[in-house]
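Below is one structure; the comments refer to it alone.
The values are calculated or read from the model by the stated rules, or taken from the named source; none is laboratory data. On a predicted model such as this, the values are computed, not experimentally measured, just so you know. Here the Cβ positions follow ideal geometry from the backbone for every residue, glycine too, while neighbour counts run over all protein chains shown. Heavy atoms of the whole protein, side chains included, go into the accessibility calculation; ligands, DNA and RNA do not. Shrake-Rupley method; radii C 1.70, N 1.55, O 1.52, S 1.80 Å.
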Amino acid sequence: MVEHDALSVSRDAYDAVAPTYAQLFRDELRDRPFDRAILSAFAEVVSASGDGQVADLGCGPGHITAHLDKLGLPVFGVDASAAMIKLARNAYPGLRFDTGSMAALNIADGLLDGVLSRWSIIHTPPQELPVILAEFHRVLAPGGHLLVGFSASDDPSRPTQAFDHAVATAYRWSPDHLAAMLRKSGLAEVARMVREPLPTDRRQFQEIHLLTRKAQNA
């Protein structure tokens, strides 16, 4: 299957670069006030809607999971890369980290009040993304929130654009197209943050955060 092959390739690639990746991104939020702001907003709306668990899906070495913990959320991390999970457990021994695939989460239906997917969908082939979005919807409780981060495509008429990610093949998305896919999956857009690239950024892509919500009666 295409998804299985893509998952295997990206998992193996991240296993190989896990220590370098963890070192590179450990302090990524320090100079990103807008990212900190949207994560704080996410924490606030999730806390307001319930006291259930939050999953950081595609958590990597766990630094964002730890940030959400500091914001007061009962959070745990999931990643396909066993090497990343090992680093996360070593760095943040007080938090829970599990190995798993976003396409088949070992999480009960409706268990979560929040899901964070921060640049974790970018290696998913576009034709396979609906399966993952359906999983996000399945594990969220009614009224639960999903925050998804990704890089935007340059051409709004093109739903996706592949780009030369340093680790594995990756895809940029048209924000409107992805928002429509989320809506079709039962996750309605609540807010959107668009961050323009800094002059020093290696890739001059817009960075998008979409905050969505599962209906109360879903």
Which is in contact (Cβ under 8 Å) with a residue 12 or more places away in the chain, buried (at least 21 other Cβ atoms within 10 Å of the Cβ), among the aliphatic types (A, V, I, L, M) and touching a helix residue (DSSP H, G or I) at 6+ places or on another chain (Cβ under 8 Å), of 116, 105, 140?
116
List pairs: first residue in segment 181-210 and without any contact (Cβ under 8 Å) to a residue 12 or more places away in the chain, second residue of a type in the set (S, T, N, Q) and surrounded by fewer than 17 Cβ atoms within 10 Å (Cβ to Cβ) anywhere in the structure, Cβ distance under 8 angstrom, at least six positions apart or on different chains.
196/206; 197/204; 197/206
Test: residue in segment 80-91 that is in contact (Cβ under 8 Å) with a residue 40 or more places away in the chain, within 14 Å of the chain's Cα centre (by Cα), crowded, with 22+ Cβ neighbours inside 10 Å and not in a helix (DSSP H, G or I)
yes
For segment 190-204, state whether one or more residues are among the acidic types (Asp, Glu) and open to solvent by 30 Å² or more (accessible area, probe 1.4 Å).
yes
Of all residues in segment 44-62, count the ones that are within 21 Å of residue 108 (Cβ to Cβ), open to solvent by 60 Å² or more (accessible area, probe 1.4 Å) and either under 18 Å from the mean Cα position of the chain (by Cα) or among the hydrophobic types (A, V, I, L, M, F, W, C) (or both).
1
Please indicate, with yes or no, whether at least one residue in segment 155-170 is modelled with pLDDT of 95 or more and either open to solvent by 40 Å² or more (accessible area, probe 1.4 Å) or polar (S, T, N, Q) (or both).
no
